[in-house]
Amino acid sequence: MVHRTLLSRILWGLWYACLCNAESYVLDDKVGLGREFDGIGGLSGGGATTRLLVNYAEPYRSQILDYLFKPNFGASLQILKVEIGGDAQTTDGTEPSHMHYENDENYFRGYEWWLMKEAKKRNPNITLIGLPWAFPGWVGHGTNWPYDHPHITVYYVVSWIIGAKQYHDLDIDYIGIWNEKKFDSNYIKVLRDALDKIGLTDVGIIAADGGWSISSAMVIDPYLNDAVKVIGVKIIASDNLWQPISLSLLLDAELHNVVDIIGAHYPGTNTVLDALKTEKKLWSSEDYSTYNDDVGGGCWARILNQNYVNGRMTATISWNLIASYYEELSFGRNGLMTAEEPWSGNYVVESPIWITAHTTQFAQPGWTYLQTVGHLALGGSYVALTDGKGNLTVVIETMTHDHSICIRPPLPHFNVSSQNATFQLKGSFGSVSALQVWHSKFDFKTKKPFFFKKLSPLRISDGTFTLALEPDEVYTLTTITTGQKGSHPAPPASAPFPHSYKDDFNVRNPCFTEAPDFADQTGVFEYYINLTDPGPHVFTLRQVVTQRPVTWAADADQTISVIGDHSWQNLTVSCDVYIETEKTGGVFIAARVDQAGETVRSAKGVFYWVYADGTYKVTNDIAGKVVLAEGLSGTRAGTWHTLTLTVEGQYASGMLNGYPLWKNAVVLAPQNGWAAIGTQTFELAQFDNFAIEAEQ
């Protein structure tokens, strides 16, 4: 029996169509097909956005991964793009490089390897992409530009691709250039040449992961180029004149040949004519970046359809994959779902997960868009895809302007009204007698939304059906019968970060190099085995970056890793510290750190520093310019010291090795923030027996 609600809407739509001439839309594969669908995906990284996920205990961690990657369960993502860690701040933190130094290689640092394997375990056909945001300092040879020595940068990137296969049996499908930075044509060609020479011909290149400008450098007729190589001239058809071809055009032709996909960020569903002229695949290779409430879900619903309808983009990748970082960092909760409490196990399956499922569960990469796609007469859009074997999937969205605003770019005003849409199935689909129906309604008026609800099959009469569409809805109508709204038992309730917290770094997960819950913001803090110390500090946490990286954001000049609850006001932080740099070294512990991410250089708080020259300082900022107290400490390199910082109200006090060193420093601001550890420069230093006691 047809679902009553759907049946009533169909009957009403048929009656209304008779009276009001409902708009009709043809779905026909015989008039020709559009572009090949490449998938929908998520981006892990671009700022340590998956940082907290790895700290979740089982079974919650696996449940979260199921909602993201498991086919016919949740989002069923078809693409996973990851950051190639570069030891630098890239929005919400730093991700460790596989090569901190030129003679250093370690393909087990960080969590992206683990994440790719978990995604591949659930979906063996998932497309894997790597892209650098930053590079270790040695790649830039002391500059902030990796293209001056392209062969070195290529060596670094290709090593990551080889390491993925050699150590993790991961085949990287595509590699990017440098996120949202000016592209360098020569570098791209050197990269393609290197990949080909070592047999990685199947690894495609995506460029330039910013705007569309690279397409203007690639527009050239390949047939004309073949002729030019022979005769060295170009015909200007309008005047029948012969004109010498420039060297730059020949180089652009080569660039055209080596770039497989043009990837643009936040295109606003639009492309440019030059991009279409290249006849390359066009992707929205980073998009969404929007708070994942229902307006964010509406943004996602609109752009997933309209990226193709308006811009002929055949893949859309969300930044970010999952909001698994401290929410007070940049772009908090800008993921497809939320998992920011590993200490409680709580996570939230947000609406973008189910909006994704409307497409991914019913169309696979390799399917083809029909040419008959477009906008609905009274607002909204529809796309139709086929596998070429008689299967059909139609996705319809009617998101209104105010309920589908993305964080960027600005969205011009438009109207969406209730309407009737009659669809005529022709060509291979003329004999379809029934379609499966999945429905989502945001329902901002009654605040009772529902997502990815399976309705009874829709019976097709004479190849035609009519739907009564309301604003802010998503429908999928499909011949595919395997869709499923997967579920796991409800996770534990949300809870704040523990007010009493300790870590001696002795218990470690061998899959990861980061200590639980620490979020590196400048520099990289890794587990370390101190084989030279027979005492109690064998297992420590070590800051390992000794040269400023080729940065993407404005990294601080000091290294810092934050932890805890940003709302903390009164607390005691203690830690054993070990300065490794003689004479000039220095370390700190901190409380009430108010900023991190891209604004980490401006972080304020209470910073308690000790130095290898036997002095200490207390500052109100990470840059060390606002001094609250200072004096002699007797600290030196090569010796363990215990620092204790207590902040209560407007006063802060500090102890060294269990004895008071300074007290009652006046702290007027900030009022709250994270705890933290760090070093005064990019230098080696170790930390052990970290503890926090925060006021309830």
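The values are calculated or read from the model by the stated rules, or taken from the named source; none is laboratory data. Since this is a predicted model, take the numbers as computed values, not measurements. No Cβ is skipped: glycine too gets one built from the backbone with ideal geometry, and neighbour counts run over all protein chains shown.
Values for this structure:
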read-out: Subset of the stretch 282-296 that is out of contact with any strand residue (DSSP E or B) (no Cβ under 8 Å at 6 or more places or on another chain) and either buried (at least 24 other Cβ atoms within 10 Å of the Cβ) or not acidic (Asp, Glu) (or both) - its residue that is nearest to His358 (Cα to Cα); value: Val295
read-out: Unique match (being crowded, with 24+ Cβ neighbours inside 10 Å and within 12 Å of Leu645 (Cβ to Cβ)) among Tyr616, Tyr608; value: Tyr608
read-out: Test result for Arg548, in the same structural domain as Gly654 (by TED's automatic domain parsing), out of contact with any strand residue (DSSP E or B) (no Cβ under 7 Å at 6 or more places or on another chain) and surrounded by fewer than 24 Cβ atoms within 10 Å (Cβ to Cβ); value: yes
read-out: Residue in the stretch 368-407 that is surrounded by the fewest Cβ atoms within 10 Å (Cβ to Cβ), counting only those that are among the polar types (S, T, N, Q) and in a strand (DSSP E or B); value: Thr368
read-out: Tally of residues being assigned to a strand (DSSP E or B) and polar (S, T, N, Q) across the stretch 645-684; value: 4
read-out: Count - residues of the stretch 45-69 that are within 17 Å of Leu80 (Cα to Cα) and not in a helix (DSSP H, G or I); value: 7
read-out: Evaluation of Phe687 against (1) under 33 Å from the mean Cα position of the chain (by Cα); (2) farther than 20 Å from Gly535 by Cβ; (3) not in a loop (DSSP other than H, G, I, E, B) (one fails), failing number; value: (2)
read-out: Every residue from the stretch 501-540 that is touching a Lys or Arg at 6+ places or on another chain (Cβ under 7 Å) and not in a strand (DSSP E or B); value: Thr513
read-out: Strands (runs of 3 or more DSSP E) lying entirely in the stretch 552-625 (those with 2 or more residues that are of a type in the set (Phe, Trp, Tyr)); value: 604-611
read-out: Residue that is out of contact with any Cys (no Cβ under 6 Å at 6 or more places or on another chain), in contact (Cβ under 8 Å) with a residue 60 or more places away in the chain, surrounded by 19 or more Cβ atoms within 10 Å (Cβ to Cβ) and of a type in the set (Lys, Arg), where the choices are Arg312, Arg302; value: Arg302
read-out: Total residues in the stretch 460-490, condition modelled with pLDDT under 95 and on the phi < 0 side of the Ramachandran plot; value: 1
read-out: Which numbered condition His413 fails, given (1) part of a loop (DSSP other than H, G, I, E, B); (2) crowded, with 18+ Cβ neighbours inside 10 Å; (3) modelled with pLDDT of 95 or more; value: (2)
